[in-house]
Each structure stands twice: as structure tokens, then as C-alpha cells.
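The next block holds one structure in the form of C-alpha cells; read it before the comments.
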Amino acid sequence: SKHSVNLDNRTANVAVRPFELEMGFQFELHVTISGKKINVSEIPELPIPQDWMRDKLELNFYKTEQGGGGEIENVTYDKESGTAVITFLKPG
């Protein structure tokens, strides 16, 4: 874990140490519910591709332990307006 590095005719002793990368984002969503579809608004713009955001929304609303959710039929995400429509297979 210890190394010596030569920089501009000088030797620097360095040590390698593990660190954790923070990979998650936490944000608040505003939701309107109607039977089979959920309208989500005020989704913050994050530095991730649109398909990743659609996947994150789908996973979040698929979870039933959060007091709802279920099998997802479709996720329509509009990055410019910060909105999405989540369509479930079954109303509930």
C-alpha cells in the first residue's frame, strides 16, 4: 500500500487507501395519482442519461413495499419539462 513516486527529481512517498464513491442521488418527486397512471413532476435534472432516469423511475414505482407500485407497462420521461408519466399494467 506504500509507494515512492519520482516527481521533478523529488521522491514522494504515497499510500493507497480505499474510499467509497457516492453513486446515488436523492430527490423529491411530486406525484398525481389516477387509477392506472401516475403523473410525476418537478424531477430534477441530473447528470445521467435519459434512459437511466426512466429506469430509476420504473424501479422506484415498481416497489410495492412503499405503499403502492406494481408492474409497470410504460414510463414516458420528458427531461426538458422535468415530468414523467408512469403507466401500470393493472389499476390500483
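Solvent-accessible surface of protein heavy atoms, probed at 1.4 angstrom with all chains present, puts Lys79, Lys2 in the order Lys2, Lys79, largest first.
Partner lysines whose Cα lies under 30 Å from the Cα of Lys56, excluding those fewer than 8 positions away in the same chain, are identified as Lys36, Lys37, Lys79, Lys90.
Once backbone amide H atoms are built at 1.01 Å from N, Gly70 has Tyr62, Lys63 as its partners under 5 Å, excluding neighbours fewer than 5 places away on the same chain. A 1.4 Å probe, protein heavy atoms only, puts the accessible area of Val5 near 60 Å².
The values are calculated or read from the model by the stated rules, or taken from the named source; none is laboratory data. Treat the numbers as computed from the prediction; the structure is a model and nothing was measured. Heavy atoms of the whole protein, side chains included, go into the accessibility calculation; ligands, DNA and RNA do not. Shrake-Rupley method; radii C 1.70, N 1.55, O 1.52, S 1.80 Å.
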